[in-house]
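One structure is given below, encoded as structure tokens.
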Amino acid sequence: MKRFVSLMLVAIFLTALLPGCGLGNEQSIRIGLIAYLEGDSITISSSGTPTLNGAELAVKQINERGGLRIGGRSYPIELVIEAIENDAEQAVEATRRLIEEENVVAIVGPQYSGDAIAAGEIAEAAGVPLISGTSTNPRTTADRRFVFRATFTDIFQAEVLAELAYNDLHSTRVAVLYDSTDTYSSELALLFSANYSNLGGEMVARETFESGNWHMEEQFNRIIESQPDLVFLPVYPAESIYQAAALRKLGYTGRFLGADAWDAPALVSLPAFEGAYATTTYSATVRSPANQTFIRDYEALYNSAPLDAAGLTYDIFRILFSVMEQEQSFEPSAIRDGLYSLPAYIGASGPIDFIDSGDPVKPINVLQFDRGELKFYKAIQPEQ
């Protein structure tokens with residue numbers, strides 16, 4: 001794990017302090033970012049780099065505007081980055097360092113549920129707001145007042161996925177393969193199975209594997225023998241790529257179903273996923289005015305389309321900026337209070353509104369994999 005301040009943002013920060021820029025020269029506002037910038041290349045490319053890009057774009061834009069105007073002064077934003085692997089212990093250490101050594105006023109990330117649950121415990125005890133972009137496990141925010149998420153929960157996601165499989169895709173026989181050692185994967189698999197069974201579908205196979213173990217031949221064979229018409233893979237991109245290809249090689253011809261962790265744009269060009277469906281919070285296929293503006297700015301800076309983690313991270317930073325100016329404070333407790341009282345924020349990923357908890361009222365977008373392209377299928381609004 002390593003800690004650094006983005007060179008791009010250092011340059012912006014120093015420029016902001018030059019005479020005539022209108023910014024105070026005594027203090028900046030430091031926000032921490034925990035991103036998967038170490039470890040396997042697929043996690044870095046699908047989550048880590050997009051997370052960093054979304055953060056840097058938001059900070060670049062606010063600093064070019066002159067920073068945040070609080071108490072009659074202008075403050076530049078300084079981004080302090082902790083680069084970690086997908087590892088709960090590293091997430092905890094990164095959170096401690098950001099709070100105890102870097103004195104950040106808020107933390108964005110980590111993205112994955114197991115890491116966010118662990119990091120959130122540290123942030124909650126310290127009274128520093130932590131917002132995860134993509135952590136969907138309910139335990140991320142449960143009984144916590146300083147921990148937030150920018151996405152939906154797995155309780156809602158499991159309902160949507162089960163209804164999609166049974167009602168829309170007319171599946172009657174589902175197999176699931178999940179990581180028994182990963183909080184996100186295992187709990188979403190169990191929630192989906194319960195919902196699907198309650199609808200009248202049959203779970204014909206429930207197979208597990210352990211993180212880091214790529215020997216799944218027995219599990220693959222049992223899935224094929226169970227003759228499913230749909231296979232649910234509540235796993236991350238690296239695992240889903242391997243598992244889908246292996247099952248196709250063994251003769252599986254049915255559909256795959258994925259959840260938000262797939263980060264669908266990273267998979268859509270692969271033939272094994274043709275005909276698949278997946279859920280997501282953010283999608284570049286949703287052409288709202290806010291998202292169109294974000295996509296334009298993102299592509300101009302990075303020359304690539306934004307992935308899920310980029311859109312959600314960008315929205316989180318913009319929300320933090322709005323809250324600090326609304327509260328006229330960057331004290332952590334004031335930021336926490338402001339997150340609860342802020343009116344619904346309409347961002348690149350859609351509306352985000354923290355009403356009485358760290359879980360926003362957030363729709364789920366369903367995407368269809370069609371001949372190498374992602375197509376918007378439908379959006380499901382949560383009941384309020």
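Values quoted throughout were computed directly from the atomic coordinates according to the rules given, and no laboratory measurement underlies them. Values in this document were obtained by computation on a predicted structure and should not be read as measured data. Methodologically, a virtual Cβ is constructed for each residue, glycine included, from the backbone with ideal geometry; neighbour enumeration extends over all protein chains shown.
What the table shows:
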{"item": "Inter-probe distance in nm under a simple model that places probes 7 Å from Cα toward Cβ, at N167 and F376", "result": "2.0"}
{"item": "Dipole of the chain, positive direction: furthest Cα of L339, S180, L161, with charges on the beta-carbon", "result": "L339"}
{"item": "Tilt relative to the chain, helix 49-64 - C-alpha long axis, 0 to 90 degrees, to 10", "result": "30"}
{"item": "Label point distance in nm, Q326-E218, each placed 7 Å from Cα along Cα→Cβ", "result": "5.3"}
{"item": "Potential extension, R248-E383 segment - 0.36 nm per residue separation minus Cα distance", "result": "44.9 nm"}
{"item": "Residue of Y242, Y112, Y345 that the Gaussian network model of the chain assigns the largest fluctuation, springs spanning Cα pairs under 10 Å", "result": "Y242"}
{"item": "Among E210, E331, E85, residue whose mean-square fluctuation peaks in a GNM of the chain (springs only between Cα atoms under 10 Å)", "result": "E210"}
{"item": "Theoretical gain in end-to-end length, E121 to N103 [0.36 nm per residue, Cα-Cα removed]", "result": "4.8 nm"}
{"item": "Least to most buried among T49, T280 (fewest other Cβ within 10 Å first)", "result": "T49, T280"}
{"item": "Modelled label reach - S304, point 7 Å along Cα→Cβ, segment 31-45 residues with backbone N closer than 14 Å", "result": "36-38, 41-45"}
{"item": "Cβ-derived FRET efficiency at R0 30 Å, I70 paired with A142, nearest 0.05", "result": "0.40"}
{"item": "Packing-based exposure ordering (other Cβ within 10 Å, fewest first) of I70, I44", "result": "I70, I44"}
{"item": "Highest-MSF residue in the chain out of S46, S193, S341 [GNM, Cα springs under 10 Å]", "result": "S341"}
{"item": "Kirkwood-type radius of the chain, with distances r between different C-alpha atoms, in Å", "result": "21.1"}
{"item": "For segment 27-33, Karplus couplings with θ = phi - 60° (6.51, -1.76, 1.60), whole Hz, Gly/Pro x", "result": "7, 10, 9, 9, 10, x, 10"}
{"item": "Electrostatic dipole magnitude of segment 143-248 [Cβ: Lys, Arg +1; Asp, Glu -1; Cα centre; debye, to 20]", "result": "240"}
{"item": "Value at 222 nm in deg cm²/dmol, rounded to 500, when DSSP H runs of n ≥ 4 in the chain each add -39,500 (n - 2.57)", "result": "-12000 deg cm²/dmol"}
{"item": "Whichever aspartates and glutamates have a C-alpha closer than 15 Å to that of K362, once near sequence neighbours (fewer than 8 apart) are set aside", "result": "D154, E159, D260, D308, D315, D353, E383"}
{"item": "Whole-angstrom gap from segment 105-169 to segment 304-333, using each part's C-alpha centre", "result": "16"}
